[in-house]
Amino acid sequence: MAEAQYTLGDGPCRSALAPAAPILAADLTGGQDALRWPVFAEQAVVLGVRALFSLPLGSAGIAIGTLDLYRDTPGPLSERDQAFAFPAADAITLALLALYAQGEQGDAHPGGWLDGAETDHEEVHQATGMIMVHLGVGPEDALARLRAHACVTDRP
């Protein structure tokens, strides 16, 4: 699911980042959620995901990532599940920020495992640059073309 959202540049996780607000997509099989992200919703359903709840990790309106919860049946996140999910997102945020702070203080790089989080997408940045130069377009257009090609050829 994360790879599908990254490839498409769309989906609840991507939508939760900019406003740093939770996105609770209770039914990807139809209705508003499926209309909001039509291509993503179709891929999600094919992968067996019917509902996706994306909680931003961060504070003060700045998201450093998201905690994504998936379900194979449509329906809202219950109050009981919310009572677990939102505190879990807060705990994950605190843990990530603590790891970052330790790394900033020169401690034996305890958060080194985070360094590889985007390295598997370096090729995307390189390809975007090549498309920009080759076609003479801006970064947004180049990335959109790359994502469209990936979607049409069913490649991440």
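None of the figures in this text is laboratory data; all of them are computed from the coordinates on show. Just so it is clear, the model here is predicted, and its values are computed rather than measured. As a convention, Cβ positions derive from the backbone with ideal geometry for all residues, glycine included, and neighbour counts pool all protein chains shown.
Taking the Cβ-Cβ separation of residue 18 and residue 96 as r and a Förster radius of 30 Å, what is the calculated FRET efficiency to the nearest 0.05?
After rounding to 0.05, the efficiency reads 0.95.
Mean-square fluctuation check for the chain, GNM, Cα pairs under 10 Å: which of 139, 22, 38 is largest?
With Cα springs under 10 Å in the chain, the top fluctuation among 139, 22, 38 is at 139.
Using the Kyte-Doolittle scale, which helices in the chain average at least 0.0 and also have C-alpha atoms spread 15 Å or more along the helix axis, with helices defined as whole DSSP H runs?
TM-like helix candidates: 79-104, 122-135, 139-152.
Could you check the simple spin-label distance between residue 29 and residue 2, using points 7 Å along Cα→Cβ, in nm with one decimal?
2.7
What label, among (i) 24, 17, 16; (ii) 27, 26, 12; (iii) 22, 17, 17, belongs to semi-axes √(5λ) of the Cα gyration tensor in Å computed from the structure on display?
Matching entry in (i) 24, 17, 16; (ii) 27, 26, 12; (iii) 22, 17, 17: (ii).
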